[in-house]
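Remarks on the structure that follows.
Values in this text are rule-based calculations from the coordinates and carry no lab data. All of these numbers come straight from a predicted model, not from anything done at the bench. Quick reminder, even Gly has a Cβ in these numbers, built from the backbone with ideal geometry, and neighbours come from all protein chains shown.
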Amino acid sequence: MRNEHVVPLTRQAINILTELKTIAGDSRYLLPGRNPSKPISNNTLLFALYRLGYKGEMTGHGFRSVASTALNESGLFSPDAIERQLAHGEKNEVRGAYNRAEYLPERKRIMTWWSDHIEALEKGADVIPLFGKSV
């Protein structure tokens, strides 16, 4: 990507990142590849989804679509803030040339709502814990 993308982190996201750092050990990457000095490949998560039985049903990028749909259908957030959170640029070139808004206060609310939503779904799901504990 050409532009910096600021992402508000929720308590749930920070907990996951902390757990990943523990798993990654001395690697500079949260998701190291077989060689810890390199990140996982582009296809690693896709193949993990295949092994979980989601081949042809879900991709890594598909999670962005799920989030976009849920956030837009909630009716709680402006489409501009949702699109900015997904790092999408303004489609209208003139508006995009002038509007540099980050919508950070609303994006913080988006991320909190999304994290809480996923957490609520997890409570009703059969989740396989990482290293014997839920993240």
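Of the residues screened, E102 is not one that is closer than 20 Å to V6 by Cβ, free of Cβ contacts under 8 Å to residues at least 12 places away in the same chain and surrounded by 11 or more Cβ atoms within 10 Å (Cβ to Cβ). The residues in segment 63-97 that are surrounded by 12 or more Cβ atoms within 10 Å (Cβ to Cβ) and of a type in the set (D, E) can be counted, and the count is 3. Considering R51, R34, R64, the condition of being outside any helix (DSSP H, G or I) and of a type outside the set (D, E) is satisfied by R34 alone.
Residue by residue through segment 33-54, note down the ones that are surrounded by 11 or more Cβ atoms within 10 Å (Cβ to Cβ) and more than 20 Å from the chain's Cα centre (by Cα). The answer is P36, K38. Against the test of being assigned to a helix (DSSP H, G or I) and closer than 25 Å to E83 by Cα, the options L9, L45, L20 yield a single qualifying residue, L45.
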